[in-house]
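Taken together, the values in this text are just the output of simple stated rules run on the coordinates, not laboratory data. This is a predicted model, so every value here is computed, not measured. Virtual Cβ from ideal backbone geometry, glycine too; neighbours counted across all protein chains shown.
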Amino acid sequence: MDMEKKVRKITVVSDPEATYFLQIGWEKDLGKGFEVTLCDGHIAWVGAASEEDVSREAADMEMEQPKYVEELKKALITVAQPANKYSFDLVKDGDIPEMYYFTYEKKLKDVSFKLGSLRLKKAPNPAEITRQLINYCLNCTTELLSRNEHLLKENERLRSDWNYIHDKLEQFVNSKEELERDLYTKFTCVLNEKKAKIRSMNEKLSQTQQKVQEKSSSSIPFDTVPVAELTTDDYNGSTDDDRKISEVTKETASQKSSKRRPFVNTPDDYPDIAPSRKRRHRRQNVQYYTEVKDKLSQPEDEEKQRRKAAPSKTTGKNLSSEQTPLPTSKNTPDPDDLFSDI
């Protein structure tokens, strides 16, 4: 399994003007142990911390191991932490000149809180370590540049998509506003037309009502005119209309009398099967025919009397014998009696 490595730049308290590069390498987790490489460009120091060393440091700090490992990540690996939050120092070992103590602490306001320390020794070939660090940095830079280029392309694509979406959205908004204006204009036109039609209908209705009121005020309503049955008996034939009615009645009666059956055949010869209402109607018709017959017989009798009186004056004959009416046979039936029996 390849070891994962991380390089960061630090400042040492004992030599603040120099720049040091710290490289941490681990396989699974810092809690399982890690390797440390420190270089200032001329000299390199290497060292390692085992899993037992990590557990011992956590026990000395009276902290749980997961929490202690998390603090180690922040101090040794994470680059984004503030520079003044953690401090590092490299001190020579008095007993062994080639050995150094590398310490790392966490600053809490004005108090320094020691996270741990480990022993480092000088590397026999610092140039190789420096080359490895440079290669690692170059590889990281290349990778970062490649990622940056990819991000720039993605950013450009997203910006293009954003511009496209923005243009489309603006176009949709403009279309929506134009459609709303068009709909509002059409609605206004339709509403005005409806209002104009309603006004014209109201004006026509008011004019019609005025005309009706004027007619009702200037004339008598038809319902108030009395309707009476016009007969010759009521007015005794004093008007022209009555005379016309009487003439029409006479003509009708004469036509009916001409078509009347002979007096010899009486209604008794036929069976009466009509109901009582029809019989009453028939009696009324018989009375009407009788009256018409009387009126028609009067002018004929007068005409006969005038004809009889005229020759008596010229010839001087005895008029007493001619004017004396002949006795009517008792056996001859009276027409009035016949009609009364119907």
Label-reachable residues, region 113-153, where backbone N falls under 20 Å from a point 7 Å from Lys9's Cα toward its Cβ: 129-146, 148
FRET efficiency for Lys85 and Tyr136, using Cβ-Cβ distance with R0 set to 30 Å, rounded to 0.05: 0.75
Sites Met99 and Ser55 - FRET efficiency at Förster radius 22 Å, r taken between beta-carbons, to 0.05: 0.45
Extension gain, Ala127 back to Ser200 (0.36 nm per residue minus Cα-Cα distance, nm): 15.6 nm
Sequence-distant residues sharing a close amide H with Ala48 (under 5 Å, placed H): Val36
Estimated dipole of region 21-172 in Debye, rounded to 20 [Cβ of Lys and Arg +1, of Asp and Glu -1, Cα centre]: 280 debye
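For Thr78 and Phe187 in one chain, what is 0.36 nm times their gap in residues minus the Cα-Cα distance, to one decimal in nm?
32.5 nm
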